[in-house]
There are 2 protein chains.
Amino acid sequence: MTAIETTAPGLPAEGTRARVERAALDLFTLRGFEQVTTDEVADAAGISRRTFFRYFATKADAVWGDFTAHVARLDELLGSGDPDRPVLASVCAAYVEVNDYAVAELPLLRERMLLILTEPALLAHSQLRFAEVDRVVARYVAGRSAAAATDLVPRLVAATTRAAATTAFEAWLADERSALGTHLRQAFAELTAGFPGLLR
Amino acid sequence: MTAIETTAPGLPAEGTRARVERAALDLFTLRGFEQVTTDEVADAAGISRRTFFRYFATKADAVWGDFTAHVARLDELLGSGDPDRPVLASVCAAYVEVNDYAVAELPLLRERMLLILTEPALLAHSQLRFAEVDRVVARYVAGRSAAAATDLVPRLVAATTRAAATTAFEAWLADERSALGTHLRQAFAELTAGFPGLLR
DNA sequence: GAGGCTAATGACACCGGGTGCCACCGGGCA
DNA sequence: TGCCCGGTGGCACCCGGTGTCATTAGCCTC
């Protein structure tokens, strides 16, 4: 595997990050996360192993894209939401909206999430990234319910809505033709209603 | 760090596993998970590094005790529960019961969970162990609601109740004097009622 | 235009978790 | 006594991740 487009040292390195992400996603999808070494990813992207770890803190981080921006957008959506809507409904709505991707982005999202939720090493790592989401949600719930972000209910809302969202993603991945939003709405509906179908 | 009680090779190795667990827990609590090498743990327990990895698949597994038995007990509790009780309530009750520890075991449990939920590497790893719990719960819910264990609702119940239980653990760890069962019951009450306090 | 600063890169050495392999040791058994 | 067997330790190796240093190119200043 040699580089398609080699970059010289000292250059602004335009698009290098995106190129590495593509190489990583391709290789991981093709052969499995653990079966691919960081050396191979770096090689395929035309950079050195050392440089790979300057773009991504860990091997796992190469599959997440700009997740920090994703979390920031969720934070903004929560902050700019309708203050008259109930807290829990606001959280769910923000989750649905932040995950309302353009059709063209769906294949990439699918590839990412499939890796994250099926590869054990990536699933483990996801806990650390999703914790960023939890903090944002807990802070929002705390702010609207006059509680501390470390109290039980804010944490509880954050943890359970995130669990519901993740489960919706799994259902979406399992059904190639379905819409992510549908699964998210259904999951949140079940959650907020206390699972009405399970009263027996 | 030298071994208190060295064992000869070829011996039945009685209590070695427990001794390694204690050494690991002590060192991790004292200096932090990442700051302790497996070499040091093995040394403190009087075995070689190579043998450490025969008792535990990973460094992280040394803090979990016999978690497989814990999951098995949850499975049994679910299977032997009152079939007239609603499904969701049964799951919550089983969670409460399986976590009803004797007072003498609480300090050890606290030490374990504090490490697991505070140390990033262990928190990430926890996702893999907790997934075992999720499978058991999802299978139970599926069995009682005429659905497949891979359907949305069984997975959803498993993921959200587990998230609630984990959050209850966090609350318990944050309050030295509180009872774990209280937090669990409160968390499940909020969850099953759809967070009634957040209607504004 | 020469020199100096900066940022990105790559080579190298090193650490630590995890694994495969093999030699060794002790006990049980024919 | 000779054999097998299971727990063990030593060793070499792979791979993810990090610290250090030299190199390179662009840019800014004089």
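The values are calculated or read from the model by the stated rules, or taken from the named source; none is laboratory data. These figures come from a predicted structure and were not determined experimentally. So basically every Cβ, Gly included, is an ideal-geometry build from the backbone, and we count neighbours across all protein chains shown.
A few points about this structure:
Residues checked against (1) β-branched (Val, Ile, Thr); (2) within 21 Å of A:Glu119 (Cα to Cα); (3) away from DNA strand C (no atom under 14 Å from the Cβ):
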position	(1), (2), (3)
A:Thr16	yes, no, no
A:Ala23	no, yes, no
A:Phe28	no, yes, yes
A:Phe33	no, yes, yes
A:Thr37	yes, yes, no
A:Gly46	no, no, no
A:Phe52	no, yes, no
A:Thr58	yes, yes, no
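- Test: A:Leu173 is crowded, with 23+ Cβ neighbours inside 10 Å, at pLDDT 95 or above and farther than 21 Å from B:Trp172 by Cβ: no
- Restricting A:Arg110, A:Arg73 to those that are loosely packed, with under 15 Cβ neighbours inside 10 Å, more than 14 Å from every other protein chain (Cβ to nearest Cβ) and touching a residue at least 24 places away in the same chain (Cβ under 8 Å) reduces the list to A:Arg73.
- Subset of the stretch B:45-65 (residues that are more than 23 Å from B:Glu105 (Cα to Cα) and of a type in the set (Gly, Ala, Ser)): B:Gly46, B:Ser48, B:Ala57
- Candidates A:Ala124, A:Ala138, A:Ala62, A:Ala131, filtered to the one that is within 16 Å of DNA strand D (Cβ to nearest atom), within 14 Å of chain B (Cβ to nearest Cβ) and within 26 Å of B:Ala121 (Cα to Cα): A:Ala124
- The lone exception for B:Ile47 - which of (1) in a helix (DSSP H, G or I); (2) within 13 Å of DNA strand D (Cβ to nearest atom) it fails: (1)
- All positions within the stretch B:146-159 that are crowded, with 18+ Cβ neighbours inside 10 Å and either aliphatic (A, V, I, L, M) or not in a helix (DSSP H, G or I) (or both): B:Leu152, B:Val153, B:Leu156, B:Val157, B:Ala158, B:Ala159
- Identity of the residue in the stretch B:80-96, more than 10 Å from chain A (Cβ to nearest Cβ) and assigned to a helix (DSSP H, G or I), that ends up nearest to B:Leu156 (Cα to Cα): B:Cys92
- Condition check for A:Asp26: within 16 Å of DNA strand D (Cβ to nearest atom), within 14 Å of another protein chain (Cβ to nearest Cβ), assigned to a helix (DSSP H, G or I) and under 28 Å from A:Asn99 (Cα atoms): no
- None of A:Leu88, A:Leu109 is of a type in the set (A, V, I, L, M, F, W, C), closer than 30 Å to A:Thr192 by Cβ and under 16 Å from the mean Cα position of the chain (by Cα) except A:Leu109.
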